[in-house]
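The values are calculated or read from the model by the stated rules, or taken from the named source; none is laboratory data. Everything numeric in this text was worked out from a predicted model, so none of it was measured. Don't worry about glycine lacking a Cβ; one is built from the backbone with ideal geometry, like all the others, and counts go over all protein chains shown.
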Amino acid sequence: MSEPITPESSARICNHMNDDHQDAVDSYVKNYGTSAKMTKLTPNSMEITVVVPFDHVLQDCSDAKKTLVSMIK
């Protein structure tokens, strides 16, 4: 049985990607980002939220991994 995408699995995947694959995350934004909004401004920096759509609705965590890997190739 495949693991569903839940808030917990989402957090785990996001933490893994941010900790171990920052270059891939940067590439997703650069190559697939479609919408950006500035969400916070401080004297030192700004935060921007970017939407990166998938080409299909993800079915589960296995599909998420396969899709994320294929997007980076």
Residue within the range 10-26 that is at pLDDT below 95 and of a type outside the set (Ser, Thr, Tyr) present: no
Any hit, the range 35-49, residues being at pLDDT below 95, out of contact with any Cys (no Cβ under 7 Å at 6 or more places or on another chain) and not hydrophobic (A, V, I, L, M, F, W, C): yes
